[in-house]
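Below you'll find the structure, written out as structure tokens, and then a few comments.
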Amino acid sequence: MTKKLSPATYLPLLGLSIPGLSQADFLTDSQATLESRNFYFSRDFRSDTSTQSKREEWAQGFILRAQSGYTDGPLKFGLDAIAMIGVKLDSSPDRTGTGLLPKHGDGRAADEFSTLAPTAKVKYSATELKIGGLTPTLPLLAANYSRLVPQVFNGALLTLNDIPNLTATLGRVEKVKARDSSNFEDMTITSMSGAFSGSASSSGMDYMGLDYKVGSAWVLSAHHAQLDDIYRRNYLGLQYNLPIGNGQAFSELRYFDAESDGRAVAGEVDNRTLSTNFGYKFGAHTISGGYQKSRGDSAYAYLAGSDTYLFSEMLVSTFGMENERAWHARYDLNFAGYGIPGLSFTARYVRGDQVDPEKISGRKAVNLRRLNEDGTEWERSTDITYVVQSGPLKDFSIRWRNATYRSSYTDSADENRLILSYLIKF
């Protein structure tokens, strides 16, 4: 078992002499879920020249999420926690690196790993402070749950909702537990195929954000994040929804602006990316797509292991390389409209070009530089999910995710993920 490190660093700040823990609201409003998650992952790089031609592992995970209610009084206190256990079912040194399991120094995957992340919470009116383990879904700080267990950050996050239609967020995070780790460690940047130094670490990230809802149709957003000595990022967002005919039209613009911060230990960060999405939902069908463009002297910059918040992000590629242009299309079908509730299907396709290979590592990128050519890539994926709606297996789900990826600047890949999940609510 790998070493465990609890993110309880911040809890003593509250003293944990929380009044009224035995009061009814704290107990009766409590809830918990236990998820059993069986995960098979296979990514074949379709290459005879790679140091590792395939990543393939199978693991079993258990995720317990517990949330207390709040004590009585103007200043309310509570306590949440998330506990995670991962167990190896199949792996070998030549197939590790899937993101499901930690890897030891000898190249072998850990037999098991676990983490406990408690979170103290304080609420006054509509303002809430959380200190400890955090799994935010913010534009510039989005915890990832695409593997066996979720990514968890350690820090403090204040959310203010006292002004109607306005949500303000302030926070500081200093450590992160990766999806395939028990330990909370320093945060770093995604390397983007060698464009940045993925080994460079930061002492923490400061965060602030505003989201304002205008009527029932518009949402305006402005967020800022500073990853100490690595980057500063700004985000502007615009969402719009409009009923048209028998359906719902929707559109969203996301603009990211990033530059180096302090000592710039991960290398130069200079990127501006516009990511757009337009769609229409009618009955059981949703069709959407959009355009994305990256500009500047570096690739898109974001926290290692986290979600990018780009509409182009797929199973294998994020389509956020330096100067890259991408087009994406998506189709969703909910079979409940055809009498099969719980069954859903998604098909996606993204194509990217104009990739500047100057800072990309690898044989293919070297060849592109020699020929003075830009890189290209494309990926198509399908996602089929079925969730049992009733009976003793209610909330049991099976999900198959498949992707085909081809690139002129890095290894191509064929990928499959099979996820069996069973959720028990307490």
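Each row is one residue, and each column tells you yes or no for (1) more than 23 Å from Thr410 (Cα to Cα); (2) touching a residue at least 24 places away in the same chain (Cβ under 8 Å); (3) assigned to a loop (DSSP other than H, G, I, E, B); (4) basic (Lys, Arg).
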residue: Tyr309; (1), (2), (3), (4): no, yes, yes, no
residue: Leu333; (1), (2), (3), (4): yes, yes, no, no
residue: Gly337; (1), (2), (3), (4): yes, yes, no, no
residue: Ser344; (1), (2), (3), (4): yes, yes, no, no
residue: Arg370; (1), (2), (3), (4): no, no, no, yes
residue: Thr376; (1), (2), (3), (4): no, yes, no, no
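Entry remark, region 148-163: residues being of a type outside the set (Ser, Thr, Tyr) and either modelled with pLDDT under 95 or open to solvent by 20 Å² or more (accessible area, probe 1.4 Å) (or both) number 7 in total. Within region 218-236, the set of residues being open to solvent by 10 Å² or more (accessible area, probe 1.4 Å) and out of contact with any His (no Cβ under 6 Å at 6 or more places or on another chain) comprises Trp218, Val219, Leu220, Ser221, Ala222, His224, Gln226, Asp228, Asp229, Arg232, Leu236.
Residue count for region 175-201 under the criterion of being assigned to a strand (DSSP E or B) and in contact (Cβ under 8 Å) with a residue 40 or more places away in the chain: the result is 6. All conditions but one from (1) modelled with pLDDT of 50 or more; (2) surrounded by 14 or more Cβ atoms within 10 Å (Cβ to Cβ); (3) touching a strand residue (DSSP E or B) at 6+ places or on another chain (Cβ under 8 Å); (4) of a type outside the set (D, E, K, R) apply to Ser47; the one that does not is (3).
Out of curiosity, is Leu423 in contact (Cβ under 8 Å) with a residue 60 or more places away in the chain, open to solvent by less than 60 Å² (accessible area, probe 1.4 Å), assigned to a strand (DSSP E or B) and not hydroxyl-bearing (Ser, Thr, Tyr)? Spelling it out, Leu423 is indeed in contact (Cβ under 8 Å) with a residue 60 or more places away in the chain, open to solvent by less than 60 Å² (accessible area, probe 1.4 Å), assigned to a strand (DSSP E or B) and not hydroxyl-bearing (Ser, Thr, Tyr). Those residues that are crowded, with 22+ Cβ neighbours inside 10 Å, assigned to a loop (DSSP other than H, G, I, E, B) and under 20 Å from the mean Cα position of the chain (by Cα), I need them from region 266-307; list them, please. Within region 266-307, Ala299, Tyr300, Ala301, Tyr302 meet the criteria.
For the residues Arg348, Arg399, the requirement of being open to solvent by 70 Å² or more (accessible area, probe 1.4 Å) and among the charged types (D, E, K, R) singles out Arg399.
Tallying residues that are open to solvent by 40 Å² or more (accessible area, probe 1.4 Å), closer than 14 Å to Phe62 by Cα and of a type outside the set (D, E, K, R) within region 81-137 yields 4.
Applying the set (1) touching a residue at least 12 places away in the same chain (Cβ under 8 Å); (2) over 23 Å from Arg272 (Cα atoms); (3) out of contact with any Leu (no Cβ under 9 Å at 6 or more places or on another chain) to Ser317 leaves exactly one unmet item: (2).
For region 308-320, enumerate the residues that are open to solvent by 30 Å² or more (accessible area, probe 1.4 Å) and touching a strand residue (DSSP E or B) at 6+ places or on another chain (Cβ under 8 Å).
Tyr309, Phe311, Val316, listed by residue number.
If the condition is being open to solvent by less than 50 Å² (accessible area, probe 1.4 Å) and at positive phi, then region 237-265 contributes only Ala264.
The values are calculated or read from the model by the stated rules, or taken from the named source; none is laboratory data. Quick caveat: nothing in here was measured; it's all calculated off a predicted structure. When we count neighbours, we look across all protein chains shown, and the Cβ atoms used for this are built from the backbone with ideal geometry, even at glycine. All accessible areas refer to the heavy atoms of the entire protein, side chains included, with ligands and DNA or RNA removed. Shrake-Rupley method; radii C 1.70, N 1.55, O 1.52, S 1.80 Å.
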